[in-house]
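The values are calculated or read from the model by the stated rules, or taken from the named source; none is laboratory data. These numbers were taken from a predicted model, which means no experiment stands behind them. FYI the Cβ positions are ideal-geometry reconstructions off the backbone, even for glycines, and counts take in every protein chain you see.
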Amino acid sequence: MILSDKRILEEIDKGTILIEPFNREDLGTNSYDVHLGKHLACYNNRVLDSREHNKIEHFEIPIGGFELQPGVLYLGVTEEYTETHAHIPFLEGKSSTGRLGIDIHATAGKGDVGFCNTWTLEISVTQPVRVYKGMPIGQLIYFVVEGEVEVMYNKKKNAKYKKRTIKPVESMMWKNKF
């Protein structure tokens, strides 16, 4: 079951959902719009190794925007910091974003109960497109959890993405044992 706008507001009042900054105008019928933060990043190497710590270089989007290019994986970040303590958050692209040929995540659209952070975006484009800090980039949808959660994400010892940040975070696959 997906939470409605009224239910999202109720959960915010209860403290089970936190969105900072929160703007009532960004609340849709059953989702909340999130915006592109000022930081982007790209990997330093063209060839990535999943067993290695692949370093990234951060940069800020200029006032005049930044032109994304096909064939490059950009890591972006939402302006919004969120906490979800009783629901499963899903981040999806907005239809207006998709119609510009912008994908905001390769595979990682689902958060976990207990996720408390900004959202790193895995951005790719089908043709060159200029993006701007603060533009609507995606929407959060909240699902009801069936059953009790044993360990929240922010309490897991092996959770790799729980350090609070305002910048995109590179893959931490290298921390896995394989």
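Anything in segment 1-51 that is surrounded by 11 or more Cβ atoms within 10 Å (Cβ to Cβ) and of a type in the set (D, E)? List them, or say none.
D5, E10, E11, D26, D33
For segment 94-109, enumerate the residues that are outside any loop (DSSP other than H, G, I, E, B) and over 19 Å from G28 (Cβ atoms). Can you show your working first?
If we filter segment 94-109 for residues that are outside any loop (DSSP other than H, G, I, E, B), which is where we start, we get 95-98, 102-103.
D103 - this is the single residue of segment 94-109 that is outside any loop (DSSP other than H, G, I, E, B) and over 19 Å from G28 (Cβ atoms).
Mind telling me which of the residues Y132, Y81, Y74 ends up being in contact with a Cys (Cβ under 7 Å, 6 or more places away or on another chain), hydroxyl-bearing (S, T, Y) and at pLDDT 90 or above?
On the way: Y132 fails: in contact with a Cys (Cβ under 7 Å, 6 or more places away or on another chain); Y81 fails: in contact with a Cys (Cβ under 7 Å, 6 or more places away or on another chain).
Every option except Y74 fails the conditions.
I need the full set of residues from segment 151-177 which are of a type outside the set (D, E, K, R), surrounded by 11 or more Cβ atoms within 10 Å (Cβ to Cβ) and part of a loop (DSSP other than H, G, I, E, B), in order please. Let's see the steps before the verdict.
Taking segment 151-177 as the starting set, the residues that turn out to be of a type outside the set (D, E, K, R) are 151-154, 158-159, 161, 165-166, 168-169, 171-174, 176.
Now narrow it down to the ones that are surrounded by 11 or more Cβ atoms within 10 Å (Cβ to Cβ): 151-154, 159, 161, 165-166, 168-169, 171-174.
Selection gives V151, M152, A159, Y161, T165, I166, P168, V169, S171, M172.
Hey, does segment 74-91 have a residue that's within 16 Å of V169 (Cβ to Cβ), touching a helix residue (DSSP H, G or I) at 6+ places or on another chain (Cβ under 9 Å) and touching a residue at least 40 places away in the same chain (Cβ under 8 Å)?
Residues of segment 74-91 within 16 Å of V169 (Cβ to Cβ): 74-82, 91.
Next, only the ones that are touching a helix residue (DSSP H, G or I) at 6+ places or on another chain (Cβ under 9 Å) stay: 80.
Narrowing the set further to residues that are touching a residue at least 40 places away in the same chain (Cβ under 8 Å) leaves 80.
Looking through segment 74-91, at least one residue is within 16 Å of V169 (Cβ to Cβ), touching a helix residue (DSSP H, G or I) at 6+ places or on another chain (Cβ under 9 Å) and touching a residue at least 40 places away in the same chain (Cβ under 8 Å).
Quick one: E148 ticks every box in (1) closer than 29 Å to K177 by Cβ; (2) of a type in the set (D, E); (3) in a strand (DSSP E or B); (4) more than 12 Å from the chain's Cα centre (by Cα) except a single one, so which number is it?
Going through (1) closer than 29 Å to K177 by Cβ; (2) of a type in the set (D, E); (3) in a strand (DSSP E or B); (4) more than 12 Å from the chain's Cα centre (by Cα) one by one, E148 breaks only (3).
Right, K55: in contact (Cβ under 8 Å) with a residue 40 or more places away in the chain, of a type in the set (K, R) and farther than 18 Å from N117 by Cβ or not? Explain how you work it out, then say what you get.
Working: in contact (Cβ under 8 Å) with a residue 40 or more places away in the chain: yes; of a type in the set (K, R): yes; farther than 18 Å from N117 by Cβ: yes.
Judged against the criteria, K55 is a match.
Can you find a residue in segment 96-103 that is in contact with a Gly (Cβ under 7 Å, 6 or more places away or on another chain) and free of Cβ contacts under 8 Å to residues at least 24 places away in the same chain?
yes
Mind telling me which of the residues L40, L91 ends up being part of a strand (DSSP E or B), within 17 Å of R164 (Cα to Cα) and of a type in the set (A, V, I, L, M)? Explain how you work it out, then say what you get.
Working: L91 fails: within 17 Å of R164 (Cα to Cα).
When all the criteria are applied, what remains is L40.
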